[in-house]
1. Any residue that is of a type in the set (S, T, N, Q), closer than 17 Å to LYS62 by Cα, at pLDDT 95 or above and assigned by TED's automatic domain parsing to the domain that holds PHE48 - is there at least one of those in region 147-155?
2. So is THR85 polar (S, T, N, Q) and at pLDDT 95 or above or not?
3. Restricting attention to region 128-146, which residues are without any contact (Cβ under 8 Å) to a residue 60 or more places away in the chain, part of a helix (DSSP H, G or I) and either crowded, with 17+ Cβ neighbours inside 10 Å or at positive phi (or both)?
4. With respect to THR162, determine if the residue is more than 30 Å from LEU185 (Cα to Cα) and in contact with a His (Cβ under 9 Å, 6 or more places away or on another chain).
5. So which pairs qualify, if the first residue must be in region 66-91 and on the phi > 0 side of the Ramachandran plot, the second must be aromatic (Phe, Trp, Tyr) and assigned to a strand (DSSP E or B), the Cβ gap must be under 7 Å, and the two must be at least 6 apart or on different chains?
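The values are calculated or read from the model by the stated rules, or taken from the named source; none is laboratory data. Just so it is clear, the structure is predicted and the values come from calculations on it, not from any experiment. Heads up, the Cβs are rebuilt from the backbone with ideal geometry, glycines too, and the neighbour counts pull from every protein chain shown.
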Amino acid sequence: MKILFLLFLILGIIGLTLFILYYMLQLMGQTNAAKMLQYGRDREYFIFEMLRSAFGSDRVMKNLYFPVPTRQGVFDTEVDIICITRGGIAVIEVKGSKGIIDTPKDGRWCQRYGKKERYFENPFYQNQTHAASVKRALENAGITNVPIYNYVVFTDIKVKFTHNYPWLVRSDRLLELTEKLDDRLILTRRDVKNIALIMRRHKRPKHPTFKTKMRRENQRKGKRR
């Protein structure tokens, strides 16, 4: 009887230890997730991982390059993230600005954070170039009539906008929007697969990028001074 009692006691201690370890691991996972939500939102990687967890790595891609013809030649523009849904392609421009964002429909935007002000180009118009280049790449591959959506996403969930638009969202609303697109079922699974194959061809730049072009122009201006 004593041996049986000791055996049950040992098994009980082992079971209790395993339960405590499991609980601690769960708690650590929740803490890490909370930290990611709190501090990881200023990174493009956060948006990429969030969408990839919902749609899979074959339908979500980041840092793609598409050619844009200009008078000075062909340059590649870099698209932050695309998400291929059954309702079309979400072309996403990611911004990490905090504070209050002055968001007029036309003209430059302004970030106000404390006493600081920073003006920057309207990201919606910037992303229009990206969306058009994605559409052009599909048409060149013989795929037409694919809905393409231009979204500007701010990773900080406390950021405030002076003007709101359907295409301007905080990161905590992006998943809801893309899942609604996926419910529209405009594209077949085969369509989605074919589009993904075309998008993967654009993982590396084939022409000088606009960033390179701007850097060279700034260097020339500096030499002139």
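1. Taking region 147-155 first, the residues of a type in the set (S, T, N, Q) are 150, 155.
Restricting the remaining residues to those that are closer than 17 Å to LYS62 by Cα gives 150, 155.
Going one step further and asking which of them are at pLDDT 95 or above, we end up with 150.
Filter once more, keeping what is assigned by TED's automatic domain parsing to the domain that holds PHE48: 150.
Yes.
2. On the way: polar (S, T, N, Q): yes; at pLDDT 95 or above: yes.
For THR85, the condition - polar (S, T, N, Q) and at pLDDT 95 or above - is met.
3. Within region 128-146, ALA131, LYS135 qualify.
4. Details: more than 30 Å from LEU185 (Cα to Cα): yes; in contact with a His (Cβ under 9 Å, 6 or more places away or on another chain): no.
Considered against the rule, which asks whether it is more than 30 Å from LEU185 (Cα to Cα) and in contact with a His (Cβ under 9 Å, 6 or more places away or on another chain), THR162 comes out as no.
5. GLY88/TYR149
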